[in-house]
Amino acid sequence: MGNCCSDVGGGMTAIGGTAPSTSTSNQNDAADWYFKSHGIHGIFSQIELSFSATNLRDRDVFSKSDPMVVVYIQERDGAFTEVFRTEVVLNSLNPTWITKYTITYQFEIVQILLFRVFDVDTQFHNVEVKMLKLEEQQSLGEASCALSEIVSKPNRSLTLDLVQREESVPSTHSQHRGKFTVHAEECFSSKTTAEMTLKCLNLESKDLFSKSDPFLVISKVVESGMSIPVCKTEVSKNDLNPTWKPLFLNIQQVGSKDSPLVIECFNFNSNGKHDLIGKVQKSLADLEKLHSGREGENLFLPTPVGHDNQNKALRSKLFVEKYSETVQYTFLDYLAAGFELNFMVAIDFTASNGNPRLPDSLHYIDPSGRLNAYQKAIYEVGEVLQFYDADKRFPAWGFGARPIDGPVSHCFNLNGSSNYCEVEGIRGIMMAYTSALFNVSLAGPTLFGHVINRAAMIASQSLANDAKKYFVLLIITDGVITDLQETKDALVKASDLPLSILIVGVGGADFKEMEILDADKGERLESSTGRVASRDIVQFVPFRDVQSKSSTHSDISEMFRIWDYITIDFHFADGPSVVQELLAELPSQFLAYMRSREIKPCS
C-alpha cells in the first residue's frame, strides 16, 4: 500500500470514521479538508425544495392558467441568476409542482431566493420548459425570501404573498396574486451511524527487530469490483494484538448494512510502502454478527499460485469488541423540531476606542452613513442569526462605560432601561448603540466576566424551563481583557449551558489572549479551581483580518430599505467573510451540546 499519508505524523492518525459528536453532515474527511483549506467552514447540507401555490390569478380566457415556477438565486453583485424551472401544471390555480430544486444550504450565509410564477401560453405546451422564452409568458407574480427563513420554520414550510413587481401604481387586483409555499427537506438516505471497536489477535510480525505497527483500512466495494477506501484507524505501535479506537461509519457512507466491506490490516512504514498483513471481507451486518456471537474471523492473505491468486488463511483473527447503531440528528432536524438560536450582543465602551465625536474613533458615527467596525459586526452577524430567533427580541448590553451620574458599569442595558435589556430586531440594536454613545462616558477597564455571566444566567433560566433555545452571545471589543482568569472561570461554568460566545476584535490591539479563549487547538479552558470546560464554546476572529473582505454595502442608509433584511454580499472570491469566519463552529457547538446531553429533536 503506497503513498498512504506519506508524512509520518499524518500517516499514523485515523482518517474518516472518527467520532461524529460535532459532525454536521455526511461529508467525508477529504471533502471537509478541501473546503476548509479553501477558507470554507461550517455546515453544508443538501436541501430539496418543493413548491405549491393557491389562488393564482387566472390569465386565460377559456381555461385556467398553466403555471410554471422559475427559481433565481442572488449573486454577489446583487443580480439574480436563474437556476431552476419546474414543469408546467395545466389548468390549475392551485398547483402543486412535482419537480424539486436541490440547493446546498450554508448556515453562515444569507442565501436569497426569488420565485417567479408564469402562465405558459397554450401554444408553447409542447416546448421543453428549459427552452421557453420567459418574455413570451405572462407573469402571475413573484416572491422572495432567504433560505434560512424556510429551514428555520418548525414544519420547514414558508408561505409567501405573490406580488407583481411591474405594478408601480397599486391596483384593485394587487391583493389577489395568490399565495406561494416553499417546503424544504434535507436530503438523507440514512442518518444511522454504526460504532465499532475492532481488535486483532496473533498478527504476524513484519519488522525485523520489533513487532509490527498495525493499522486497518476499511474500503467499500463498488459495482465494478473496485475498492474505495472509507476510513483508516490510527497506528498501534509495536503491537501484535492491537485494539483500535472506536470507528464511526454512517450506513449511507458505505452503501447499506449489507454492502461488502474490505478490511485490510497493514504494517505501517514511514516511507509509505506499508506491508499487507492480512484482510477479510465482511458487511456491517456480518460484523454485527461477529460481535453478538463473540467470534473472530481469520484474516487471509492473497498468495500467487501459478497464474492465479489463492487466499491463504492465517491464524491472525479479527474481532468486533463493540458494535452499536445510533441515529445522528442534524442541525436542521433540531430547527424543524422548533429549536431556536437566540441572539445577544455586548459592546465595548472603554476609553481606548477613542472619543466617539472624532473621526479616528472606532465608535465614530459617520454623518455620511458609512458603518464603523462595531456597526458592521453587529449587522453582519445579526443578519444571519435573526432568522433563527422567532420573536427577534435581542438582549443588548454595553460594558466599560460610566452612565450619566453613575459609577463605571461592566454590564449595562444598551437601551438605557433599568428594567429590561431587550431591543426589537437588528435595527433596535443599532439605534440603541448610537443612542448609548451620547448617554455614557467611555471608561474602563475591559472586563468580560460580567456580560458572560449575565448571558449565562439567561441561558440557565431557559434550560430550567425546558425551552428549546440555544443562546449566542456576540462580544465586540477593541482591547485586551484585564480579567482573563475571571473570564476563563465564567466560560468554564457556561460550557455546561446552551450557549456559544462569538468574539470580534476591532482595531489594532494585540488579541493573543482572545486566541487562548478560543480553544481551537484542542486545549480546553481551565478554571481557577482546576475544573476543565466541558466543551469549546468560544469562537474569536479579529475584524481587521477580514475587514478588507467585508461587504461593499457599508452605507447605513442601505440597511433598512424595502425588506427587514438586506441582501448584503457574503460571498468573496478571495476568502471567507467575517460572518463565515465567526460562525464557522456554531452549528458544531450546538450539536455537541445537544448530543452530549442526549437531547433529541423530538424531545
Sites LEU201 and LEU484 - FRET efficiency at Förster radius 30 Å, r taken between beta-carbons, to 0.05:
0.05
By average Cβ neighbour count within 10 Å, what is the ranking of 445-455, 278-288 from highest down?
445-455, 278-288
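Longer than 27 Å from Cα to Cα, which of LYS133/LYS153; LYS232/LYS600; LYS199/LYS220; LYS153/LYS493; LYS232/LYS282; LYS153/LYS191 are they? Say none if no pair is.
On the way: LYS133/LYS153 34 Å; LYS232/LYS600 30 Å; LYS199/LYS220 19 Å; LYS153/LYS493 31 Å; LYS232/LYS282 16 Å; LYS153/LYS191 21 Å.
Cα-Cα > 27 Å for LYS133/LYS153; LYS232/LYS600; LYS153/LYS493; rest within.
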Write down, largest first, the equivalent ellipsoid semi-axes of region 338-597 in whole Å, where each equals the square root of 5 times an eigenvalue of the alpha-carbon gyration tensor.
26, 21, 19
Can you work out the FRET efficiency for the pair SER361 and ASN91, with r the C-beta to C-beta distance and R0 = 41 Å, to the nearest 0.05?
0.05
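Residue separation times 0.36 nm, minus the C-alpha to C-alpha distance between ALA313 and SER256: what's the value? Intermediate results must be reported in sequence, preceding the final value.
On the way: separation 57, 0.36 × 57 = 20.52 nm, distance 2.73 nm.
Roughly 17.8 nm would be gained on extension.
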Taking 7 Å along the Cα-to-C-beta vector as the label spot, tell me the VAL222-SER292 distance in nanometres, rounded to one decimal.
3.2
Farthest toward positive dipole pole in region 229-348 [+1 Lys/Arg, -1 Asp/Glu at C-beta], among PRO229, LEU332, ALA346
PRO229
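Using a simple charge model, +1 on the beta-carbon of Lys and Arg, -1 on the beta-carbon of Asp and Glu, nothing else, what dipole does region 59-110 show about its Cα centre, in debye to the nearest 20?
Values: 5 positive and 7 negative charges, 38 e Å.
The dipole magnitude comes to about 180 debye.
At 0.36 nm per residue, and after removing the present C-alpha to C-alpha distance, how many nm does the segment from PHE300 to THR99 gain when stretched out fully?
Working: separation 201, 0.36 × 201 = 72.36 nm, distance 4.92 nm.
Stretched fully, the PHE300-THR99 segment lengthens by 67.4 nm.
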So if R0 is 56 Å, what FRET efficiency would ASN55 and TYR420 give, r being the distance between their Cβ atoms, rounded to the nearest 0.05?
0.85
For region 46-186, the dipole about the Cα centre with charges only on Cβ (Lys and Arg +1, Asp and Glu -1), to the nearest 20 debye, works out at 280
Contour minus end-to-end for PHE438 and VAL532, with contour as 0.36 nm per residue of separation and end-to-end as the Cα-Cα distance?
29.7 nm
How high is the relative contact order of region 338-597, in percent, with contacts defined as C-alpha pairs under 8 Å that are six or more residues apart?
19
List the lysines whose Cα lies under 24 Å from the Cα of LYS130, skipping any in the same chain that are fewer than 8 positions away.
LYS64, LYS100
Given charges of +1 on the Cβ of Lys and Arg and -1 on the Cβ of Asp and Glu, with all other atoms neutral, how large is the dipole of region 361-413 about its Cα centre, in debye to the nearest 20?
80
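No lab work stands behind these numbers, since they all come straight from the coordinates. This is a predicted model, so every value here is computed, not measured. Please note: Cβ atoms are built from the backbone with ideal geometry, for glycine as well, and neighbour counts cover all protein chains shown.
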